[in-house]
Amino acid sequence: MLRHSEFHRSHRIGWLRAAVLGANDGIVSTASLVIGVAVAGASHDTILITGVAGLVSGAMSMAAGEYVSVSSQADTEAADLARERLELATDHDSELKELTGIYVGRGLTPPLAYQVAVQLTEYDALGAHARDELGIIETMNARPVQAALASAATFAVGAALPLFVTLFASETNTVTYVAGMSLAFLASLGALAAKAGGANVWIGTARVAFWGALAMLATAGVGSLFGVTVA
Ligand SMILES: [Zn+2]
C-alpha cells in the first residue's frame, strides 16, 4: 500500500499543548509565589521553602485534576461503548441505517454509503460506530495515570526554573532575577509552542509573556501590601 509522507502538526499538537500548559503553570505560579513572598520581605530561606512547597502542591493538584478529569472521560467512553455494543447486538438494522446516514452526511452517495457501512460493520462494527458515531478513536484512549504523571512532571519542570534562579540569587535581587528569567522562560515556551503548532511566533510569545507578567505583578502587589503591614 502506497503511503505518502505528509506531516500534519496536529499529530503532536495534543501532547505538546499539554506539556507547554503544564510547564507554563509551573513557571507562572511558582515565580509569582516567590515574588509575592520576596516583596513582603521574607528571608531567603523562607522564600525557597515557599517555592518548594508551591512546586509540590502545584504538581500534586495538577496530577489530581488531570487524573480525575481523564478518568471521568474514560468512564464516559466506557459507558458509551457498552451502550453501543448493546444496540449493535439488539438492533442491527437501525444501527446500519445510522452508520449509512453518517457517511451520507460526509458526502457519500446513499448506495456507496450503504456499501461502506455494510463492509465496515462486517469488519469491525463497534470500531466503526465508536470512531464515526461517537468520535472515540484509538489514540484518544484515556490513560488517566499517564496523563496525571505527565501533567505533574511538566508542572514540576516549569516550577523548578524560577526556583533555581531563586537559589542562586541574593536576597536583594531575587525579585528582579526571578521576574526577568521567568519571563524569558515563558517567552521561549510560547515561541516553541507557536512554532510547533505552525502559529505566529510573535503573537504566541507575547500572549504567554503578558499573562505571566500580569500574574507576577499581581502577587508583587499583594506582597507589598503584606510587606508594609509586617514592617
Ligand atoms: Zn451506533
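The values are calculated or read from the model by the stated rules, or taken from the named source; none is laboratory data. If you're wondering where the values come from, they're calculated on a predicted model, not measured in any experiment. Counting neighbours? That spans all protein chains shown, and the Cβs are built from the backbone with ideal geometry, glycine included. The accessibility values were calculated without ligands, DNA or RNA, using every heavy atom of the protein model including side chains. Shrake-Rupley method; radii C 1.70, N 1.55, O 1.52, S 1.80 Å.
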note = Flagged pairs (Cβ under 6 angstrom, 6 or more apart or on separate chains; first in the stretch 96-108, among the aromatic types (Phe, Trp, Tyr); second open to solvent by 40 Å² or more (accessible area, probe 1.4 Å)) are Tyr103/Val116
message = Whether any residue in the stretch 157-164 is under 28 Å from the mean Cα position of the chain (by Cα), of a type in the set (Val, Ile, Thr), at pLDDT 95 or above and open to solvent by less than 30 Å² (accessible area, probe 1.4 Å) is what I want to check.
response = no
ask   = Just one of the numbered conditions (1) open to solvent by 40 Å² or more (accessible area, probe 1.4 Å); (2) in contact (Cβ under 8 Å) with a residue 60 or more places away in the chain is not true of Ala59; which one?
value = (1)
note = Within the stretch 175-207, the residues that are out of contact with any Gly (no Cβ under 6 Å at 6 or more places or on another chain) and within 13 Å of Thr30 (Cβ to Cβ) are Val178, Ala179, Met181, Ser182, Phe185
task = Tell me, yes or no, whether the stretch 195-210 has at least one residue that is open to solvent by less than 60 Å² (accessible area, probe 1.4 Å), free of Cβ contacts under 8 Å to residues at least 12 places away in the same chain, assigned to a helix (DSSP H, G or I) and among the small types (Gly, Ala, Ser).
result = no
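Can you go through Val37, Val68 and tell me which one is surrounded by fewer than 16 Cβ atoms within 10 Å (Cβ to Cβ) and more than 14 Å from the ligand (Cβ to nearest atom)?
Result of the check over Val37, Val68: Val68.
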message = Please determine whether any residue of the stretch 111-124 is within 16 Å of the ligand (Cβ to nearest atom), over 29 Å from Tyr67 (Cβ atoms) and either within 34 Å of the chain's Cα centre (by Cα) or at pLDDT below 90 (or both).
response = yes
task = Name the one entry in Leu48, Leu99, Leu88, Leu21 that is out of contact with any Gly (no Cβ under 8 Å at 6 or more places or on another chain) and closer than 21 Å to Ser188 by Cα.
result = Leu21
key: Lone unmet requirement of (1) over 30 Å from Gly36 (Cα atoms); (2) away from the ligand (no atom under 16 Å from the Cβ); (3) among the aliphatic types (A, V, I, L, M) for Val157   = (1)
ask   = Quick one: how many residues across the stretch 157-175 are within 22 Å of Leu21 (Cα to Cα) and among the aliphatic types (A, V, I, L, M)?
value = 6
note = Matching residues in the stretch 78-112 (exposed (fewer than 12 other Cβ atoms within 10 Å of the Cβ), hydrophobic (A, V, I, L, M, F, W, C) and not in a helix (DSSP H, G or I)) number 0
query = From the list Glu133, Glu171, which one is of a type in the set (D, E, K, R) and in a helix (DSSP H, G or I)?
reply = Glu133
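Quick check on Asp75: is it within 16 Å of the ligand (Cβ to nearest atom) and open to solvent by 70 Å² or more (accessible area, probe 1.4 Å)?
No.
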